[in-house]
Structure formats: C-alpha cells, structure tokens
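Student: Have a look at this one before I ask anything.
The numbers here are math on the coordinates, done by the rules we state, and not lab data. Just so you know, these numbers come straight off a predicted model, no measurement behind them. Heads up, the Cβs are rebuilt from the backbone with ideal geometry, glycines too, and the neighbour counts pull from every protein chain shown.
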Amino acid sequence: MNATDSKTGSPDKKQVLVGDGLIAGYLPGVDILTGVHFELNLGELVGIIGPNGAGKSTLLKAMFGLVPVREGAVRLHGEVITNLAAHSLVEKGVGFVPQTENVFPSLTITENLEMGAYQLPKSQTPDRLDSVIQLFPKLGERAKQRAGLLSGGERQMLAMGRALMMQPEVLLLDEPSAGLSPAYQGEVFENVQSINATGVSIVMVEQNAQRCLRISDRAYVLDNGKNAYEGPGIDLLTDPKVIELYLGTLAKQ
Ligand SMILES: Nc1ncnc2c1ncn2[C@@H]1O[C@H](COP(=O)(O)OP(=O)(O)OP(=O)(O)O)[C@@H](O)[C@H]1O
Ligand SMILES: [Mg+2]
C-alpha cells in the first residue's frame with residue numbers, strides 16, 4: 001500500500017503498536033536504544049532503516065520482549081505490553097520474523113508452517129495452512145520438501161508464512177530481503193505488500209533502504225540508538241539530508 005491521507009494523515013488514525021521513549025539493551029548498564037519513539041497505525045506498512053549497528057534489530061526485539069526494556073513503554077492498542085514474553089505477544093496478535101535462522105532446515109515446509117501454529121488447537125491447523133498456501137502457492141507446491149532445500153527468497157516466504165499461521169494483526173519483519181539477489185528481493189517486497197494488503201499492519205527493518213522507503217507508508221531512520229528522521233517513505237526518499245547520510249551509495253544503484 002502507498003501512503004494515503006486516509007491511512008497516515010487523517011485525524012482518526014488508529015494506533016496499533018507504540019514504542020515510547022524506549023531505553024533498552026542486552027547487557028546491564030549498556031543501553032543500545034537511548035529513548036526511541038515508534039508508532040504503527042492500523043493497516044500501515046512502516047519501514048525502519050539506518051546504518052549497521054544503529055539498533056534496528058534491537059528495536060524489533062525490544063518490541064517483541066526479546067531484549068529487556070529499561071525505561072519507556074511498548075503499547076498494543078493502548079495496553080502496556082512492555083517486556084511481556086514473546087509467546088504472550090504471539091497470543092495477542094503480534095508476529096515476529098527474525099533476521100536470521102528463521103526456518104527449521106531439516107523440517108518440511110508443511111512442518112515448518114505447522115510449528116507456527118503450535119499455540120492453536122490442532123483442529124484449526126489445516127484451515128490456517130490452506131490460507132497461508134493460498135497467499136504463497138509456491139509453499140504448497142513444495143509442501144513435502146525440506147526447508148533447507150529452498151532458495152533464500154523461498155525461505156523468507158516460508159518464515160513469513162509461518163508467522164502468518166497465527167493470523168497476526170501486526171507483523172515485525174527484520175530484513176526480509178537480506179542476502180538475496182535483486183530478483184528475489186523484488187519477490188520478497190511483493191510478498192510483504194501482499195500481506196499488508198490482507199490487512200496486517202507491518203513493521204519492516206531493511207538494509208535495502210531505497211526499496212523499503214518506496215513501499216513504506218511511513219518510515220523511521222535510526223542512528224546510534226536514536227531516532228534520526230521520520231516521515232512518509234516517499235518524503236524520506238527525496239530528503240537531501242537522508243540521501244546524503246543514509247542513501248548516498250544506494251542511490252547510485
Ligand atoms: N546479543 C547481543 N548482545 C550484546 N550486544 C548486542 C547484541 N546484539 C546486538 N548487539 C549490539 O547492539 C548494537 C545494535 O545492534 P543491532 O543488531 O540492533 O543493529 P542493526 O541496526 O540491526 O544492525 P544491522 O544493520 O547490522 O542488522 C550493536 O552495537 C551490536 O553490537
Ligand atoms: Mg539488524
């Protein structure tokens with residue numbers, strides 16, 4: 001989806017997930033995020049870009065209860081969910097696809113998808129499988145193959161499909177296009193847009209800043225554990241400061 005007034009500019013925008021003044025880090029006394037603000041509204045696709053080590057993955061993990069938040073709050077529809085365990089967040093409708101090791105290579109595609117639904121009653125699994133395969137028919141064609149045989153792009157598709165088994169309202173994606181050829185990257189971005197079009201609100205961290213900004217309703221630039229810039233994706237894409245500091249080399253591609 002592209003930025004529209006109805007999604008981002010209207011006064012009745014509905015906040016889904018908010019991170020407010022987040023201070024978080026892995027080791028005692030070492031803050032990686034030093035007061036980050038973040039907001040995802042209903043139906044949005046929000047991008048997060050920034051240099052390596054800026055804290056992008058840490059922000060997603062902090063929102064998903066995987067890195068302790070020391071100050072500030074994470075809210076889902078206004079309910080404080082700061083530092084709740086990941087499985088509780090999954091129950092509340094938040095899905096997370098980590099940057100690496102996001103599929104089980106020795107399990108089949110079907111088994112990987114079934115793992116995503118482990119919190120659901122078994123009777124619901126077939127219906128969920130059907131709907132994920134409807135979205136990603138390629139996963140259905142290769143249902144009995146081991147995930148280790150998939151290409152990079154197909155693996156990302158499987159990782160997203162697994163998160164979708166729980167019918168999340170919000171999906172947090174950490175660098176879904178990392179390490180993929182440009183053609184596969186295109187496929188992954190199309191998949192992200194298809195998921196968003198089904199009504200899932202998405203936060204996507206991306207190295208491929210240009211492509212990310214092009215499809216993001218809004219985006220945040222993080223730098224050194226802080227907010228640096230934010231705005232509609234298209235605006236950031238053409239902002240001379242953002243180009244100079246964060247898109248310079250990529251802009252030539
Ligand atoms: N498990 C960890 N334990 C301690 N420090 C960590 C851990 N993971 C990341 N860090 C540190 O946190 C900082 C931010 O890392 P993070 O992975 O959030 O950056 P990033 O923006 O996602 O970078 P990249 O673009 O390389 O994925 C870095 O200084 C990193 O060394
Ligand atoms: Mg990262």
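Student: Per DSSP H run of at least 4 residues, take -39500 (n - 2.57); add these up for the chain, divide by its residues and hand me the 222 nm value, nearest 500 deg cm²/dmol.
Tutor: So the helix-based figure for the chain works out to -9000 deg cm²/dmol.
Student: Now, a different point. Note down the nm distance, to one decimal, between modelled labels 7 Å out along Cα→Cβ at Arg146 and at Asp223.
Tutor: 4.6
Student: How many nm separate the modelled label positions at Lys138 and Asp235, each set 7 Å beyond the Cα in the direction of the Cβ?
Tutor: Going by the 7 Å Cα→Cβ label model, 3.5 nm.
Student: A further question follows. Need one word for the chain: rounded, prolate or oblate. Basis is the Cα gyration tensor (sqrt eigenvalues a ≥ b ≥ c); a/c below 1.5 gives rounded, then a/b vs b/c decides.
Tutor: prolate
Student: Let me know the volume per residue of the alpha-carbon convex hull for region 152-209, in Å³.
Tutor: 69
Student: Nearest 5 percent is fine: what portion of the DSSP beta bridges confined to the chain is antiparallel?
Tutor: Just about 55 percent of them are antiparallel.
Student: A further question on this structure: Identify the GluC sites (Glu not before Pro) of region 37-132 meeting these criteria: DSSP loop state and at most 14 other C-beta atoms within 10 Å of the C-beta.
Tutor: Glu101
Student: Given the options Gly21, Asn224, Ala163, identify the residue whose Cα lies farthest towards the positive end of the charge dipole of the chain (+1 on Cβ of Lys, Arg; -1 on Cβ of Asp, Glu).
Tutor: The residue sitting farthest along the positive end of the dipole is Ala163.
Student: Using the structure shown, select from Lys92/Lys226; Lys92/Lys241; Lys56/Lys122; Lys56/Lys241; Lys138/Lys226 the pairs with a Cα to Cα distance greater than 29 angstrom.
Tutor: The answer is Lys92/Lys241; Lys56/Lys122; Lys138/Lys226.
Student: If you stretched the chain out fully between Ile243 and His37, how much longer would it get, using 0.36 nm times the residue separation minus the C-alpha to C-alpha distance?
Tutor: 72.0 nm
Student: Now for a separate question. If one computes the Cα centroid of region 196-250 and of region 114-149, what distance in Å separates the two points?
Tutor: Answer, in whole Å: 31.
Student: From the backbone phi of region 78-91, what are the Karplus-calculated ³J(HN,Hα) couplings (6.51 cos²θ - 1.76 cosθ + 1.60, θ = phi - 60°) in whole Hz, Gly and Pro given as x?
Tutor: x, 7, 6, 10, 3, 6, 5, 5, 3, 5, 5, 5, 4, 4
Student: Still on this structure: At a threshold of 8 angstrom on Cα-Cα distance, excluding pairs fewer than six apart, so keeping six or more, what relative contact order does region 5-251 reach in percent?
Tutor: Taking the mean separation of contacting Cα pairs over the length of region 5-251, I get 25 percent.
Student: Across region 63-76, in residue order, what do the Karplus-derived ³J(HN,Hα) couplings come to in whole Hz, using 6.51 cos²θ - 1.76 cosθ + 1.60 with θ = phi - 60° and x for Gly and Pro?
Tutor: Listing the rounded values in order: 5, 9, x, 9, 10, x, 8, 8, 9, x, 9, 10, 10, 10 Hz.
Student: Further question: Under a plain spin-label model, where a point goes 7 Å from the Cα along Cα-to-Cβ, how far apart in nm are Ala197 and Ser123?
Tutor: Taking the two extended label points, one gets 3.4 nm.
Student: Right, another one. For Ala117, enumerate residues with amide H under 5 Å from its amide H, sequence gap 5+ or separate chain, H modeled in the peptide plane.
Tutor: The list, which skips near neighbours in sequence, is empty: none.
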